[in-house]
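The values are calculated or read from the model by the stated rules, or taken from the named source; none is laboratory data. Remember, it's a predicted structure, so these values are computed and weren't measured experimentally. Positions of Cβ are generated from backbone atoms using ideal geometry, with glycine treated the same way; all protein chains shown enter the neighbour counts.
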Amino acid sequence: MNDRTITDPRTAPRGPGTGPDGAADPAFRARLDGFLTEHRALLDDPRWEDGTPPVPALLAAAGAAGLFRDAWAAGPADRPRALWRAVDLHAALARVGGGAPGAAVLTHLDVATRLLGALPGADRALVDGALAGRTTGALAATEPEHGSDLARLTTRVHRDGDRLAVTGGKWFISNAPFADHLLVLADDQDAATGRPGPALLLVPAGAPGVATTPLDALGHRGLTGQVRLDAAPVSAVLVPGGHGLLVLMRHWLHERVMLAVRMGELADAVLRHAVAAARQRHTFGVPLLGNQHVRFTLARLTAETEEVRAAARQGVRLLAEGSCPAAYAAACKHRAAAVLREVADEALQLAGGDGYRTGHPANRALRDALGLALAGGTDELMLQQIDRG
Ligand SMILES: Cc1cc2nc3c(=O)[nH]c(=O)nc-3n(C[C@H](O)[C@H](O)[C@H](O)COP(=O)(O)OP(=O)(O)OC[C@H]3O[C@@H](n4cnc5c(N)ncnc54)[C@H](O)[C@@H]3O)c2cc1C
């Protein structure tokens, strides 16, 4: 086992009730296991850590293996099965490549595929491309000036001759460095697409006027980007002015539950790695795990992690029924981010100097946990949502 394979995803316990009715989905799991075996080198590639992650290769491989199509609901009847397959996928990918492949896949599944596919203005060919892993997209909402308060967007959609164009700037956009198209949230002051207010627009990432650069950040290295839009052409109005934020609020409910799923699995993977390492490591003539304090710390973190995993899976059940309250999704995400951070912090301390080394699973998880407390809505915004009910 190397550091990037935190625990073997094929043998790690996958938790109860991962099928639509609490049953397992053996056919999908077999396909997933085959994918993990076949693409082990890609999943453990050092580029996931060094800031040049092989995202397009991963998406192409997963698409060719049919994993995105499996985890995609063509209609409401497929929804529960697709959601539980996505859970299995996130659980497996949290355990490889330091968890980084899972971040790229979550954005691909939830934004480039699920969000885009649910929008009436989206071209079906784009969704087919995403399902095949040939193309991907990124949701560009956050701006350097505004992230939590998206009602005050400075990016604007405007007329440019006889076409629509968008001008402004976005940053921290997941998968933007690899995106073929961007879903840009922009203010439609002049009601060029609908009512005044935020609109969601499709912008080809390679169009003139679009400049994307990877963002150098503490965690999620190479996975997020900064986007400059200078009268960039709008190829489709996905959601007209005045409705953009409402549609995204519904999307974030889903994304927050899935982020909580991923964080719970990441915490579980880091914890298992920590237990195995504490069993091996000897200090003062005894294994680290021989100390009651160490065992109790790990036991407490195990209890908290199981609580997060159970809450997230309940969130998935509610999503499957179409009745997940926004406050519940926010609570799942808030708690998962806190527990992941605590697990990673304790695991790093327990690993001593080795944990402080770049590439150690706890090191990476701690850096990514800080980002996950921001992505998809910050901890404070989650509390605001819980407070509102
Ligand atoms: C790894 C990662 C991936 C991301 N992916 C995407 C993506 O794909 N697409 C995208 O559009 N964005 C993405 N983001 C951006 C993320 O959504 C924003 O960083 C986040 O919403 C916060 O916005 P901000 O950074 O502008 O902070 P601000 O909104 O300026 O907030 C600053 C701080 O103040 C707090 N705060 C704000 N308002 C209040 C209040 N009323 N009461 C108390 N505290 C408050 C916030 O919680 C935060 O701690 C990502 C971020 C990260 C780190």
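Here are some notes:
- The listed residue being within 13 Å of Gly264 (Cα to Cα) and modelled with pLDDT of 95 or more, out of Leu301, Leu383: Leu301
- Any hit, region 46-54, residues being touching a helix residue (DSSP H, G or I) at 6+ places or on another chain (Cβ under 8 Å) and at pLDDT 95 or above: yes
- With respect to (1) touching a Gly at 6+ places or on another chain (Cβ under 9 Å); (2) under 15 Å from Ala94 (Cα atoms); (3) more than 16 Å from the ligand (Cβ to nearest atom), the lone exception for Leu348 is condition (2).
- Criterion applied to Ala231, Ala217 was being among the hydrophobic types (A, V, I, L, M, F, W, C), in a strand (DSSP E or B) and surrounded by fewer than 18 Cβ atoms within 10 Å (Cβ to Cβ), and the one residue passing it is Ala231.
- The sole residue among Arg300, Arg335, Arg309 that is of a type in the set (Lys, Arg) and over 20 Å from the mean Cα position of the chain (by Cα) is Arg300.
- Tabulated pairs, region 121-142, first of a type in the set (Ser, Thr, Tyr), second assigned to a strand (DSSP E or B), C-beta under 8 angstrom, 6+ apart or interchain: Thr135/His181; Thr142/Lys170; Thr142/Trp171; Thr142/Phe172; Thr142/Ile173
Okay, residues lined up against (1) at pLDDT 95 or above; (2) among the aliphatic types (A, V, I, L, M); (3) within 14 Å of the ligand (Cβ to nearest atom):
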residue: Leu109; (1), (2), (3): yes, yes, yes
residue: Gly133; (1), (2), (3): yes, no, no
residue: Ala138; (1), (2), (3): yes, yes, yes
residue: Thr142; (1), (2), (3): yes, no, yes
residue: Ala151; (1), (2), (3): no, yes, yes
residue: Thr155; (1), (2), (3): yes, no, yes
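- Residues in region 167-182 that are within 14 Å of the ligand (Cβ to nearest atom) and of a type in the set (Val, Ile, Thr): Ile173 alone.
- Residue check for Arg85: more than 23 Å from Gly225 (Cβ to Cβ) and either surrounded by 18 or more Cβ atoms within 10 Å (Cβ to Cβ) or more than 15 Å from the chain's Cα centre (by Cα) (or both): yes
- When region 124-154 is filtered for residues that are assigned to a loop (DSSP other than H, G, I, E, B) and either in contact with a His (Cβ under 9 Å, 6 or more places away or on another chain) or of a type in the set (Phe, Trp, Tyr) (or both), the ones remaining, listed by number, are Gly133, Thr135, Thr136, Leu153, Thr154.
- Among the residues of region 212-225, those that are within 11 Å of the ligand (Cβ to nearest atom) and either among the basic types (Lys, Arg) or at negative phi (or both) comprise Leu215, Ala217, Leu218, Gly219, Arg221, Leu223, Thr224, Gly225.
- Of everything listed in (1) crowded, with 17+ Cβ neighbours inside 10 Å; (2) closer than 25 Å to Gln384 by Cβ, the single unmet condition for Leu246 is (1).
- In this entry, Thr113 passes the filter for residues that are without any contact (Cβ under 8 Å) to a residue 60 or more places away in the chain and closer than 23 Å to Arg69 by Cβ.
- Residues that are hydrophobic (A, V, I, L, M, F, W, C) and surrounded by fewer than 19 Cβ atoms within 10 Å (Cβ to Cβ) within region 193-208 comprise just one, Ala207.
- Some residue of region 97-113 being among the polar types (S, T, N, Q), at negative phi, in a helix (DSSP H, G or I) and outside the structural domain of Gly371 (by TED's automatic domain parsing): yes
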